[in-house]
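The values are calculated or read from the model by the stated rules, or taken from the named source; none is laboratory data. For clarity, every value in this text was computed on a predicted model and none was experimentally measured. Glycine gets a Cβ as well: all are built from the backbone with ideal geometry, and neighbour counts include every protein chain shown. Keep in mind that these areas ignore ligands, DNA and RNA; they rest on the heavy atoms of the full protein, side chains included. Shrake-Rupley method; radii C 1.70, N 1.55, O 1.52, S 1.80 Å.
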Amino acid sequence: MNIATLLSAAAVEALKALYGADVTAEQIQIQKTRPEFEGHLTLVTFPFLRISRKKPEDCGAEIGQWLVDNTDLVSRFNVVKGFLNLVIAPAKWIELLATVNADERYGLVAPTEESPLVMIEYSSPNTNKPLHLGHVRNNLLGWAVAQIAEANGNKVVKTNIVNDRGIHICKSMLAWLKWGNGETPETSGKKGDHLIGDYYVAFDKHYRAEVKELKEKLMAEGVAEEEAETRAKNECPLIVEAHDMLVKWEQNDPEVRSLWRKMNEWVYAGFDETYKALGVSFDKIYYESDTYLEGKEKVDEGLAKGIFYRRPDNSVWADLTAEGLDEKLLLRSDGTSVYMTQDIGTAKLRFQDFPINKMVYVVGNEQNYHFQVLSILLDKLGFEWGKGLVHFSYGMVELPNGKMKSREGTVVDADDLVAAMIADARKTMDEAGKNGDMSEEEKQEVARIVGMGALKYFLLKVDTRKNMLFNPEESIDFNGNTGPFIQYTYARIRSILRKAEDAVALPAAVEISTKEEELIQHLAGFTEVVKTAGVDYSPSVIANYCYDLAKEYNSFYHDFSILREEDAAKRQFRLVLSANVAKVLRLGMSLLGIEMPERM
């Protein structure tokens, strides 16, 4: 139930009754009444002057009077030129709150057997390094998009594709062989993903040194600087060894494969710890080591059909110039595959495994072109769902000192970030003295909930299309547009409800204020917000709705007594109103993967 929707339907009836006009609800313009005029909602009458053949004021007055006489929605009205300002009947607000109150999952639509199946891919880590801040945003966005899709009545499969093969993986493996001395997560005391990440950084360090040395040697032999640098990068011993290892891996060399499996297991154990801390999970995990062969098979099929072509060096390409793009490499000259080939194979397996109606890839905007090409290639290969894939493109997370670079070891590590956020939350709460009556265990649990809530909200409240600057200090603030502010509002309401001596029940009749009416209308708008977030793939819509609702409730809390209200009916009404604000805040924040503490 939504007042604006009901008004639109009533206006359609009014125009039919008054002027014999057949209009649709989509043609009705309802907006919030401007604060300088009396009214809750305003109907724009200008579009109907041709139908009524009346002056704007007369047309508005006739429609307003019809609504007062023929519906229980409107108690009175006023007309300002072509704007009909409507005062909603008090009983309707009580009825609206009762609707919200009656549904514990208000605003959320449960999937059915007939619901479409949406597969959402997110995370996509490499097994040569631990997860970092960029991965954190990806995982949180993916999880939120999945929750919102399910809240809109879709069946959802959350999936991950692990980049467990390729030259980058071989770099870590080769570095461990050369300089690892048999080190393991157990002997080093490090998480497996951190240990392997250290060797990825070590490879880059030695590689740079070799490139510099070889470049200087070539230049001394008279080779031009630009050519010397290119040759040095391609010919230095380390990169040649890494490429040789990749070829051996693809040839299923037993020693290389054994090392690869061992080191990957170390990484997976580390990833699992980080995913648990972030509160995300997957229904199905795919591995590129399985999917790349499927991709190569589809490329060979495309080659046979003349969709792709082979160059003299034996590499395979797709010519997309007719689509206004360029030529895309699919298989290298040595027969090894590239990311595009692997994505084709992964898509094939996924649609074999699940009756997917929509495929959503949560991947940063640096890959916009990649997914534009993937869509075209899948379509050319005969996959009917190729054109319909969705690339949920989002901006990068930036740091005050610039972009992150994994190979240089200058990333913000996900595990370190999580630990720091929880520690900062604990410090802030201790300094505020708000947790004095809690046990140590409860203090730490609340700090975890608040710290993670701060992190998640800060990363999700921003329009996903934009790059963002991450600032941990801003995110922990208990005031302003932050997760802790919303969590504190929720905890405050829960405290009020615990202190209420009588059972909370909505009174049959009660006089309510304009501010309470506005709060009810805001509550009721949650349904449309969830729909909009689903259509637009926009967790930020949910985040900012929750902030606005919390802010509006705190204004109400400041101006009105609740537990000290002497009028029993008003006290009960305000308790029910408060309980439903808490409920909707909890439901909204849960769609973002954010927990709500009972106390703070």
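The set of residues in segment 446-472 that are under 10 Å from the mean Cα position of the chain (by Cα) and open to solvent by less than 20 Å² (accessible area, probe 1.4 Å) comprises Lys456, Leu459, Leu460, Thr464. Taking the numbered list (1) modelled with pLDDT of 95 or more; (2) loosely packed, with under 13 Cβ neighbours inside 10 Å in turn, Asn264 passes all entries but (2). Pairs are defined by a Cβ separation below 9 Å, a sequence spacing of at least 6 or placement on different chains, a first member in segment 434-459 that is farther than 12 Å from Met421 by Cα and among the polar types (S, T, N, Q), and a second member that is open to solvent by less than 20 Å² (accessible area, probe 1.4 Å) and modelled with pLDDT of 95 or more; the pairs so defined are Asn435/Val446; Asn435/Ala447.
A search for C-beta distances below 6 Å between a residue of segment 242-260 that is on the phi < 0 side of the Ramachandran plot and assigned to a helix (DSSP H, G or I) and any residue that is among the hydroxyl-bearing types (Ser, Thr, Tyr) and open to solvent by less than 80 Å² (accessible area, probe 1.4 Å), counting only pairs 6+ apart in sequence or on different chains, returns Glu250/Thr336. Of everything in segment 324-336 that is in contact (Cβ under 8 Å) with a residue 60 or more places away in the chain and open to solvent by less than 50 Å² (accessible area, probe 1.4 Å), the residue that is farthest from Phe371 (Cα to Cα) is Gly335. If you filter segment 140-191 down to residues that are open to solvent by less than 10 Å² (accessible area, probe 1.4 Å) and of a type in the set (S, T, N, Q), you find that the one that is farthest from Val462 (Cα to Cα) is Ser172. Scanning segment 497-520 for any residue that is touching a strand residue (DSSP E or B) at 6+ places or on another chain (Cβ under 8 Å) and either open to solvent by less than 20 Å² (accessible area, probe 1.4 Å) or not acidic (Asp, Glu) (or both) turns up at least one such residue. Residues in segment 270-293 that are modelled with pLDDT under 95 and surrounded by fewer than 21 Cβ atoms within 10 Å (Cβ to Cβ) were compared, and the one that is farthest from the chain's Cα centre (by Cα) is Leu293. In segment 192-203, is there at least one residue being open to solvent by 10 Å² or more (accessible area, probe 1.4 Å), touching a helix residue (DSSP H, G or I) at 6+ places or on another chain (Cβ under 6 Å) and either under 22 Å from Tyr339 (Cα atoms) or in a strand (DSSP E or B) (or both)? Yes, segment 192-203 contains a residue that is open to solvent by 10 Å² or more (accessible area, probe 1.4 Å), touching a helix residue (DSSP H, G or I) at 6+ places or on another chain (Cβ under 6 Å) and either under 22 Å from Tyr339 (Cα atoms) or in a strand (DSSP E or B) (or both).
Out of Arg586, Arg599, one residue alone is open to solvent by 50 Å² or more (accessible area, probe 1.4 Å) and within 30 Å of Ala149 (Cβ to Cβ). It is Arg586. Those helices (runs of 4 or more DSSP H) of segment 472-549 in which 2 or more residues are touching a residue at least 60 places away in the same chain (Cβ under 8 Å) occupy 483-499, 514-524, 526-536. When we screen Ile512, Ile476, Ile496 for residues that are among the hydrophobic types (A, V, I, L, M, F, W, C) and modelled with pLDDT of 95 or more, the only hit is Ile496. Checked against the criterion of being of a type outside the set (Val, Ile, Thr) and within 30 Å of Pro507 (Cβ to Cβ), the candidates Glu95, Glu113 yield just one match: Glu95. Within segment 305-364, the set of residues being part of a strand (DSSP E or B) and small (Gly, Ala, Ser) comprises Ala318, Ser337, Gly364. Answer with yes or no whether Glu26 is farther than 19 Å from Glu516 by Cα, assigned to a helix (DSSP H, G or I) and open to solvent by 60 Å² or more (accessible area, probe 1.4 Å). So Glu26 fits the description; yes. Among the conditions (1) of a type outside the set (Ser, Thr, Tyr); (2) in a loop (DSSP other than H, G, I, E, B); (3) modelled with pLDDT of 95 or more, Glu13 misses just one, which is (2). Only one of the numbered conditions (1) without any contact (Cβ under 8 Å) to a residue 60 or more places away in the chain; (2) open to solvent by 50 Å² or more (accessible area, probe 1.4 Å); (3) closer than 26 Å to Leu97 by Cβ is violated by Leu6, and that is (1). Out of all the residues in segment 40-48, is one or more more than 38 Å from the chain's Cα centre (by Cα), loosely packed, with under 15 Cβ neighbours inside 10 Å and either closer than 29 Å to Ile512 by Cα or free of Cβ contacts under 8 Å to residues at least 40 places away in the same chain (or both)? Yes - at least one qualifying residue is present in segment 40-48.
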